[in-house]
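Below is one structure, written out as structure tokens; comments come after it.
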Amino acid sequence: MGRIFPFLLILILWGCNDASVNQDDLHYLNGYWEIAEVEFPDGSIKEYGMNPSVDFIKLKGEKGFRKKMKPKFDGTYDTSKDVEGFTVSNVNETIILRYSTELSEWEEKLMQLDSVSFSVSNQEGVTYKYKRFEPIKIPQ
């Protein structure tokens with residue numbers, strides 16, 4: 001029993017560890033993303049089906065940008081000239097994305113990130129969940 005207790009204690013503490021985003025995984029943000037759902041502070045959820053626009057994110061080092069794109073059936077994209085620049089910072093083991101445009105500044109906490117999905121939460125407690133965009137392929 002004396003040998004099992006330390007093992008169980010370590011296992012319990014490891015299981016309770018906050019699953020924060022690893023700094024080494026930030027490269028997964030690069031690419032095209034579509035919003036899957038939005039969860040509001042009251043627990044209500046808005047799910048999205050097909051989206052007319054997707055977000056293109058490009059991150060290099062600690063600076064990046066996000067841009068709205070409209071996929072076309074030929075595999076190309078229409079884009080606006082609007083760009084949301086952001087910086088990445090690590091605050092108390094939490095990855096924060098700080099955005100800045102000519103009109104506004106805001107920040108989002110990166111809650112989850114892997115190769116096919118990510119989620120962020122803003123200061124109002126709204127959580128945005130994204131999935132990797134897969135273009136529609138029409139056989140020719």
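A short reminder: the numbers here are calculations on the coordinates, not readings from a lab. These figures come from a predicted structure and were not determined experimentally. All Cβ positions, glycine included, derive from the backbone under ideal geometry; neighbour counts span all protein chains shown.
Can you confirm whether Phe40 is loosely packed, with under 14 Cβ neighbours inside 10 Å and out of contact with any strand residue (DSSP E or B) (no Cβ under 8 Å at 6 or more places or on another chain)?
Numbers: loosely packed, with under 14 Cβ neighbours inside 10 Å: yes; out of contact with any strand residue (DSSP E or B) (no Cβ under 8 Å at 6 or more places or on another chain): no.
Taking the combined requirement at face value, the residue does not satisfy it.
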Over the range 72-120, the set of residues surrounded by 13 or more Cβ atoms within 10 Å (Cβ to Cβ) and either in contact with a Cys (Cβ under 6 Å, 6 or more places away or on another chain) or not in a strand (DSSP E or B) (or both) is Val83
Residue pairs meeting the criteria (Cβ under 7 Å; at least 6 apart or on separate chains; first in contact (Cβ under 8 Å) with a residue 40 or more places away in the chain, in the range 101-118; second in a loop (DSSP other than H, G, I, E, B) and surrounded by 16 or more Cβ atoms within 10 Å (Cβ to Cβ)): Leu110/Val21; Gln112/Val21; Leu113/Val21
Counted residues, the range 52-76 - those being within 23 Å of Glu37 (Cβ to Cβ) and free of Cβ contacts under 8 Å to residues at least 24 places away in the same chain: 5
Every residue from the range 19-52 that is under 26 Å from Val88 (Cα atoms) and touching an Asp or Glu at 6+ places or on another chain (Cβ under 8 Å): Ser20, Asp25, Tyr28, Tyr32, Trp33, Glu34, Ile35, Ala36, Glu37, Pro41
